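One structure below.
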Amino acid sequence: MRKQKAFEDFVHGIFLILGLVTVGCVLLITLYLVIAGIPAIRKIGILDFLCGTKWASTAKEPSYGILPFILTSVYGTAGAILIGVPIGFLTSVYLAKLAPAKIRTVVSGAVSLLAGIPSVVYGLIGMMVLVPGIRGLFRVPDGASLLAAIIVLAIMILPSIINVSITALEAVPKEYEDASLALGATPVETYFKVSVPAAKSGIAAAVVLGVGRAIGEAMAVMMVSGNAPNLPKLFGSVRFLTTAVASEMSYSGGLQRQALFSIALVLFLFIMLINAALNFFLKRSKEE
Amino acid sequence: MNGQIGIRRKIKIGLLRAACGLCAVFTCSLTLFLLVYVLVKGIPNISWELLSTKPSYLSGKIGILPDILNTVYMIAATLVFVLPLGVGAAVYLTEYAKNKRVVAAIEYAAETLSGIPSIIYGLVGMLFFCQFLNMQTSLLAGALTLVIMNLPTVMRTTQESLKTVPQSYREGAFGLGAGKWRVIRTVVLPGCIDGIVTGCILSVGRILGESAALLFTAGFAHALNGFLKGLGSAGATLTVSLYVYAKEQGEFGVAFAIAAILMILTLLVNLLAALAGRWFKRRQKL
């Protein structure tokens with residue numbers, strides 16, 4: 001009997017360890033980013049690092065200002081949200097409330113395919129279709145620009161926005177809608193004036209999730225944004241926080257390499273803020 | 001009762017409905033365009049020679065067999081590690097955990113992990129696996145990085161399906177005198193097999209599409225290796241080699257061929273996920 005108990009405790013211990021692996025991973029990632037990211041910030045000076053507008057890591061007198069990357073990431077994400085959210089939101093209303101069952105299956109299939117397409121494939125199509133398109137349409141010397149990145153990101157965040165919004169819209173109690181219909185509102189009016197406000201926390205969560213996806217995307221953006229460390233201009237070649245890390249990592253050393261880790265730390269802080277916002281909205285949406 | 005709905009109101013309703021429909025049509029046709037464009041551009045470039053050889057500097061020809069094999073190795077190695085970890089964590093959360101704080105910590109950690117962008121995984125994977133644990137740039141280091149990435153997915157799908165195992169099954173087994181581990185092994189784990197399979201399919205999809213996390217952990221070599229030797233050496237998966245061929249070498253024909261293959265695989269994974277979901281739902285009703 002005692003042997004049995006010892007064995008059960010042993011198994012319990014193993015499962016506890018397996019459970020704690022997740023926590024360990026988060027700690028490991030945080031720890032490594034902080035340890036690797038702090039030295040360069042201290043050497044460069046936090047103000048010069050965050051607010052400096054010139055990034056010239058390989059110059060004779062190197063300058064490490066990442067404001068262009070931060071602004072590009074913020075503008076790029078904002079642009080993607082401006083385009084992606086209305087389209088995603090209206091699609092989700094259609095799918096959750098208006099669509100007949102058969103059409104719904106087809107469109108949902110399309111949305112999950114959109115979610116599954118690898119980001120390098122988006123990047124490739126962007127390179128071959130969007131970049132020449134922008135060059136021809138707006139008569140700019142090079143189409144690899146912030147605009148191309150915004151369009152690619154807007155498409156890439158669509159599935160997240162659609163799926164989370166649909167879940168939120170479907171969770172609205174049917175009584176709310178019935179009451180509105182009984183008062184004489186038409187179905188479409190009911191969906192927009194009753195269901196959508198009732199699902200607003202969930203829809204907010206969808207938008208925040210989209211922000212997180214857009215700010216974290218690296219490969220697709222790297223292939224279409226031109227990758228020069230300029231301050232953001234719609235038709236200019238730009239570099240995001242993610243692509244700044246990726247593009248110089250393979251050949252960097254010394255302070256330059258440390259500065260790349262610091263950029264990753266800044267990106268990580270952004271993501272943690274976004275995660276906190278996401279949790280806030282998800283929790284509130286559950287309480288509703 | 002005539003004219004109950006005014007003309008203005010009617011127009012407004014019509015416009016809203018049309019906007020919703022248009023956006024749905026846009027999303028659908030966009031997906032269709034991406035699919036058709038990639039297949040049309042890519043399939044003519046797929047040849048048996050491309051699929052069955054490795055790149056050769058002598059003849060200047062490109063083959064993607066090593067990349068295909070690397071992708072398979074990567075999927076196998078990642079699943080081998082992530083399944084026990086993810087399923088174990090889920091079992092702990094639903095069967096053992098009593099301390100609410102521990103549960104909250106694990107769930108919060110899983111949520112955080114699923115929000116971290118892959119480029120950060122790549123960086124930490126490079127620092128920890130490649131440098132600190134001295135694995136160098138290798139498929140194994142890449143696979144371990146992907147294990148951390150996919151952990152929340154496997155954990156969540158297993159957890160969902162554990163919740164559907166009826167409490168009475170467990171009580172019945174306990175009542176017959178089984179110990180906790182025996183109950184888990186014979187009743188709980190077989191009951192959550194559908195969640196494990198779903199988690200596997202989703203993970204395969206993510207591994208297929210992943211590139212940023214692998215660039216600095218698994219590298220971009222195209223050597224033809226067996227499984228064990230392959231794990232120890234650097235190698236590009238299909239997505240990474242697509243990136244290298246398109247961005248660094250300008251080999252767009254090969255890039256589109258790989259893109260078409262990835263597209264077909266993505267379609268297959270989605271189809272499998274949908275089929276599995278339907279099948280498991282039917283089984284639950286029985």
Margin query: So if I check each of A:ALA115, A:ALA80, which one is at pLDDT 95 or above and assigned by TED's automatic domain parsing to the domain that holds A:LYS200?
Written below: A:ALA80
Next item on the list: Out of B:LEU139, B:LEU123, B:LEU93, B:LEU162, report the one residue that is more than 14 Å from every other protein chain (Cβ to nearest Cβ), of a type in the set (A, V, I, L, M) and out of contact with any Pro (no Cβ under 9 Å at 6 or more places or on another chain).
Entry: B:LEU139
Note to self: Can you list the helices (runs of 4 or more DSSP H) lying wholly within region B:105-182 that have 2 or more residues being of a type in the set (A, V, I, L, M, F, W, C), in contact (Cβ under 8 Å) with a residue 24 or more places away in the chain and closer than 26 Å to A:SER247 by Cβ?
What the structure shows: B:118-125, B:139-163
Check: Limited to region A:49-97, what total is found for residues that are surrounded by 20 or more Cβ atoms within 10 Å (Cβ to Cβ), of a type in the set (A, V, I, L, M, F, W, C) and not in a loop (DSSP other than H, G, I, E, B)?
Finding: 13
Notebook entry, point to check: Which residues, counting only those in region A:98-122, are more than 7 Å from chain B (Cβ to nearest Cβ) and surrounded by 22 or more Cβ atoms within 10 Å (Cβ to Cβ)?
Noted result: A:TYR122
Notebook entry, point to check: Can you find even one residue in region B:45-63 that is facing chain A (nearest Cβ under 8 Å) and free of Cβ contacts under 8 Å to residues at least 60 places away in the same chain?
Noted result: no
Note to self: Give me the residue from region A:40-53 that is more than 15 Å from B:LEU123 (Cβ to Cβ) and in contact (Cβ under 8 Å) with a residue 24 or more places away in the chain and, out of that set, nearest to the other protein chains (Cβ to nearest Cβ).
What the structure shows: A:ILE41
Notebook entry, point to check: Could you say which residue among A:SER201, A:SER262 is in contact (Cβ under 8 Å) with a residue 60 or more places away in the chain, more than 30 Å from A:LYS43 (Cβ to Cβ), surrounded by 17 or more Cβ atoms within 10 Å (Cβ to Cβ) and of a type in the set (S, T, N, Q)?
Noted result: A:SER201
Next item on the list: Look at region A:153-201 and say how many of its residues are closer than 30 Å to A:ALA220 by Cβ and small (Gly, Ala, Ser).
Entry: 6
Next item on the list: Output the number of residues of region B:51-68 satisfying the condition of being assigned to a helix (DSSP H, G or I) and either surrounded by 20 or more Cβ atoms within 10 Å (Cβ to Cβ) or in contact with a Pro (Cβ under 9 Å, 6 or more places away or on another chain) (or both).
Entry: 2
Item checked: Test result for B:LEU242, in the same structural domain as B:LEU65 (by TED's automatic domain parsing), surrounded by fewer than 22 Cβ atoms within 10 Å (Cβ to Cβ), part of a helix (DSSP H, G or I) and not charged (D, E, K, R) -> no
Check: When the residues of region A:244-256 are filtered to those that are in contact (Cβ under 8 Å) with a residue 40 or more places away in the chain and within 14 Å of another protein chain (Cβ to nearest Cβ), which remaining residue is nearest to A:PHE69 (Cα to Cα)?
Finding: A:ALA244
Notebook entry, point to check: From A:LEU20, A:LEU33, which residue is under 24 Å from the mean Cα position of the chain (by Cα), within 11 Å of chain B (Cβ to nearest Cβ) and of a type outside the set (Phe, Trp, Tyr)?
Noted result: A:LEU33
Next item on the list: Inspect all residues belonging to region B:77-88 and state whether any of them is facing another protein chain (nearest Cβ under 10 Å), among the hydroxyl-bearing types (Ser, Thr, Tyr) and surrounded by 11 or more Cβ atoms within 10 Å (Cβ to Cβ).
Entry: no
Check: Can you name the residue in region A:170-211 that is among the β-branched types (Val, Ile, Thr) and away from chain B (no Cβ under 13 Å) and is also farthest from B:GLY6 (Cα to Cα) among such residues?
Finding: A:VAL207
Margin query: Tell me whether region B:17-31 contains one or more residues that are under 17 Å from A:GLY123 (Cα atoms), surrounded by fewer than 17 Cβ atoms within 10 Å (Cβ to Cβ) and at the interface with chain A (Cβ under 7 Å from one of its Cβ atoms).
Written below: yes
Next item on the list: Within region A:176-187, identify whether any single residue is assigned to a helix (DSSP H, G or I), in the same structural domain as A:VAL85 (by TED's automatic domain parsing), closer than 16 Å to A:SER285 by Cβ and out of contact with any strand residue (DSSP E or B) (no Cβ under 6 Å at 6 or more places or on another chain), and answer yes or no.
Entry: yes
Note to self: Conditions first: (1) in contact (Cβ under 8 Å) with a residue 60 or more places away in the chain; (2) of a type outside the set (Phe, Trp, Tyr); (3) crowded, with 19+ Cβ neighbours inside 10 Å. A:VAL194 passes all but one, so which condition is the exception?
What the structure shows: (1)
Next item on the list: Consider only pairs whose beta carbons are under 9 Å apart and that are at least six residues apart or on different chains; among these, list those whose first residue lies in region A:265-277 and is more than 10 Å from chain B (Cβ to nearest Cβ) and whose second residue is among the β-branched types (Val, Ile, Thr) and assigned to a helix (DSSP H, G or I).
Entry: A:VAL266/A:ILE41; A:VAL266/A:ILE70; A:ALA277/A:VAL208; A:ALA277/A:VAL211
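The values are calculated or read from the model by the stated rules, or taken from the named source; none is laboratory data. Keep in mind that what you see is a predicted model, and the values were worked out from it rather than measured. Note that we place each Cβ from the backbone using ideal geometry, even for glycine, and neighbour counts take in every protein chain shown.
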